Structures are given as structure tokens and as C-alpha cells.
Amino acid sequence: DKKTASVRTFSDKDIAYLNEIADTIIPTTDTPGAKAAGVGAFMTVMVTDCYDATDQKIFFDGMNQINEASKKKFGKDFMDISADDRKALLTELDAEAKTYMANKKPEDPKHYFRLMKELTLLGYFTSEIGATQALRYVAVPGKYEGCIPYKKGDRAWAT
């Protein structure tokens, strides 16, 4: 079906590139980051299997647009700039995406960085690392407790 057929396939280089984008969005801190959770590979499956041809094209074009923005701002490909420069670039793109999404008409396409950020968050927080190390996780929750004491700094619950 043309509506869901993949526009193109992802290479190992693409997965490594997406891992670096995702790891810039959710870096390693006191918990492993998005790259450790394999978010790049997750993104490729979601785009290939779940996105329609229009959103696939937006996503693939967006991969190129990030690289072009990096070349324009820093004179180098995204993969060749520092972690701080990556963060600065993606912060700008995030602000651009927020403005675009707030002002777009319903029929306008989504912003490519919005798609990447959504997939990064979904992939990370549904991964074993995200659910068990970044969030609090109980494999088999017990009874419902509607009010649990919260201490500043407590992680959110995955379950």
C-alpha cells in the first residue's frame, strides 16, 4: 500500500546518527541516556512500520536538515560537532518546532524535529532502561494507592 510503504530504508550509519540526536535530547546523567536504550533503532522501526509516506519523508528530510543546520552554524556535520554544540543546535530546533507547531494550520505537516523528539521520548521511556532506571518501576503493582507521599527529587512511576 503506497500510503504506508517505506520511502527508504535506514542504514547502520543512520541508526548511529539518530542515536546521537536522541542522546542529545536525553543524555546520560545519573541514569543511562537514549543511546544506551537503543532509541535510534527504535525510531527506525516506528518510522518504517508506523508512519505514513508523508511523515516518513518529513522524518528523512529532517535528518538532512539537522545536518545542514549544523554545517551552516558550525561548518561541520552533526556527527563531528561537540556535545555542547549539538545541544545548542537541537535547542534552537526545538524552539523552532514549538513555534511552528503553535502556528501551523491543521492541514500543515508536522515539524521534523517534533517527530524526532516524540520518538526519542516514547522510545526511551518505554525501554527497559527508561522504565526501570529513569522512572520507578514495580513489575507487578499491588493494590491501588491514590495518594503516595512524594519527596522532592523522587522519580515518576513507570507503572
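Numbers below:
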read-out	value
Rounded percent of accessible protein surface that carbon and sulfur make up, the chain, 1.4 Å probe	55 percent
Accessible area in the full protein assembly, largest first, 1.4 Å probe, for D61, D23	D61, D23
Region 8-69 - convex hull of alpha carbons, volume per residue in Å³	78 Å³
10 Å Cβ shell holding at most 14 others, DSSP loop, GluC sites (Glu not before Pro): longest site-free stretch of the chain	1-106
Probe 1.4 Å - accessible area at S11, Å² to nearest ten	50 Å²
Distance violations [Cα-Cα > 22 Å] among K98/K151; K13/K76; K117/K152	K98/K151; K117/K152
R0 of 30 Å, Cβ-Cβ distance L122-C147: FRET efficiency to nearest 0.05	0.60
Inverse mean reciprocal Cα-Cα distance (Kirkwood Rh) of region 1-121, Å	14.8 Å
Probe 1.4 Å, protein heavy atoms only - accessible area per residue of the chain in square angstrom	62 Å²
Exposure of K76 as accessible area (Å², to 10), given a probe of 1.4 Å and all protein chains	100 Å²
Tilt relative to the chain, helix 53-74 - C-alpha long axis, 0 to 90 degrees, to 10	80 degrees
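The values are calculated or read from the model by the stated rules, or taken from the named source; none is laboratory data. Since this is a predicted model, take the numbers as computed values, not measurements. Please note: Cβ atoms are built from the backbone with ideal geometry, for glycine as well, and neighbour counts cover all protein chains shown. Just so you know, the surface numbers come from the protein's heavy atoms only, side chains and all, with ligands and any DNA or RNA stripped out. Shrake-Rupley method; radii C 1.70, N 1.55, O 1.52, S 1.80 Å.
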